[in-house]
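Asks: Provided herewith is a single structure, encoded as structure tokens, for subsequent inquiry.
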Amino acid sequence: MMNLQAILDSIYGELQPRLGEGKVADYIPELAKVDPNQFGMAIATVDGKLYSVGEADTSFSIQSLSKVFMLTLALGKVGEGLWKRVGREPSGSSFNSIVQLEREEGIPRNPFINAGAIAVTDVVLAGHAPREAIGEFLRFVRYLADDETVTIDQKVAQSETQTGFKNIALANFMRAYRNLDHPVEHTLGVYFHQCALAMSCQQLAKAGLYLAARGSNPLTGHSVVSPKRARRINALMLTCGHYDGSGDFAYRVGLPGKSGVGGGILAVAPGLASIAVWSPGLNEVGNSQLGSAALEMLAARTGWSVFGD
Ligand code: DON
């Protein structure tokens, strides 16, 4: 049996001199204030153990990691009908790009680029007031993590509401193509709040464990989705979870993963573990620089990969 704690400790030790690498996201002003010299990592295993290192207990802005949980919620509501609203192909462009949306008549390429995630949120909003949908999402993530202390950072939500001009453009564009059922401010109100959830690596590793364990979380005892659905969410994370960095992430790490501009990455080793890592400095495509490096080291040292051993 390998010693996961020793592996985490060695990764942390080796990355220590590199703390601060990359560039903290500054297009959301509140995120620009985060100290870049931070790093945390946690692993939740399917046999019910939790390992962590560094600032694994510090909450950070989960941003696009929320798209995995919102996708899970939307699939639970409308099932495969979701795919009328959003595609399942990698986009090969940045997370907030608008170029494909016109050519493809308002249907976003996948549920993880911003346009696709906004469409997914619009599906979850159906039949609710925005504040109810936000409440439902928060309750769902608390249930996944089995932790009532998960909260929304209102300052981050506010900050993005005031500056999210590209998202406003994407949402209006989809509305024009009738792929948004609610007023733009309503759907984006929910979207900005879901992105502003504050969670630690420990909470995220625990919350994501259902994806590694055939849809049920062995730590919390909660059954979340069917094994087939968990497999398919993992497939989307592998192909689209890092935007135009997805191919490189699959090559270097070999596990389904989802990044966020807060510097978090959630990765899944199916049948084995869920892994959360956080370090705020981003690479040129908006994914955590040290987070990606740490996952590459973890995959190499454990042999974990969806492509064979
Ligand atoms: O909509 C946005 O731009 C942010 N709330 C989330 C983007 C994000 O996290 C992209 N991930 N790397």
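The values are calculated or read from the model by the stated rules, or taken from the named source; none is laboratory data. Everything numeric in this text was worked out from a predicted model, so none of it was measured. Quick reminder, even Gly has a Cβ in these numbers, built from the backbone with ideal geometry, and neighbours come from all protein chains shown. Surface areas here come from the heavy atoms of the whole protein model, side chains and all, with no ligands, DNA or RNA. Shrake-Rupley method; radii C 1.70, N 1.55, O 1.52, S 1.80 Å.
Asks: Compute the angle between helix 227-240 and the longest alpha-carbon principal axis of the chain, please, reported from 0 to 90 degrees and rounded to the nearest 10.
Replies: 90 degrees
Asks: Oh, and also: Between exposed GluC sites (Glu not before Pro) in the chain, where DSSP calls loop and at most 15 other Cβ atoms lie within 10 Å, what's the longest gap?
Replies: For GluC sites (Glu not before Pro) (loop position, at most 15 other Cβ atoms within 10 Å), the longest site-free span of the chain is 149-283.
Asks: Once neighbouring chains are kept in place and the probe is 1.4 Å, which whole percent of the accessible area of the chain is contributed by carbon and sulfur?
Replies: On the way: 6230 of 12250 Å².
C and S fraction of accessible area: 51 percent.
Asks: Further, regarding this structure: Could you give me D for the range 65-195, from Stokes-Einstein at 37 °C and 0.692 mPa s, where the hydrodynamic radius is the Kirkwood radius over C-alpha pairs? Units µm² s⁻¹, please.
Replies: Result for D is 224 µm²/s.
Asks: While we're looking at this one, here's another question. Could you do me a favour and compute the accessible area per residue for the chain, 1.4 Å probe, result in Å²? List each step's numbers first, then the result.
Replies: Working: 12250 Å² over 309 residues.
Solvent-accessible surface per residue comes out at 40 Å².
Asks: Compute the distance from the alpha-carbon center of the range 264-281 to that of the range 36-73, in whole Å.
Replies: 6 Å
Asks: Restricting to DSSP loop positions (anything but H, G, I, E, B) with no more than 11 other Cβ atoms inside 10 Å of their own Cβ, which trypsin sites (Lys or Arg not before Pro) remain in the range 143-217?
Replies: Those that pass, being in a loop and sparsely packed, are R178.
Asks: Additional query: List the longest stretch of the chain that has no exposed loop site; here a site is one of the chymotrypsin sites (Phe, Trp or Tyr not before Pro) assigned by DSSP to anything other than H, G, I, E or B, with at most 15 other Cβ within 10 Å.
Replies: 28-176
Asks: Kindly provide the helix-only [θ] at 222 nm of the chain, computed as the sum of -39,500 (n - 2.57) over DSSP H runs of four or more divided by all residues, to the nearest 500 deg cm²/dmol?
Replies: Using -39500 (n - 2.57) per qualifying helix, the result is -13500 deg cm²/dmol.
Asks: Cα centroid distance between the range 127-168 and the range 12-27, in Å?
Replies: Cα centroid of the range 127-168 versus Cα centroid of the range 12-27: 27 Å apart.
Asks: Let me ask something else. Between E185 and K228, what FRET efficiency comes out of the Förster formula 1/(1 + (r/R0)^6) with R0 = 35 Å and r the beta carbon distance, rounded to 0.05?
Replies: So, using R0 = 35 Å, E works out to roughly 0.45.
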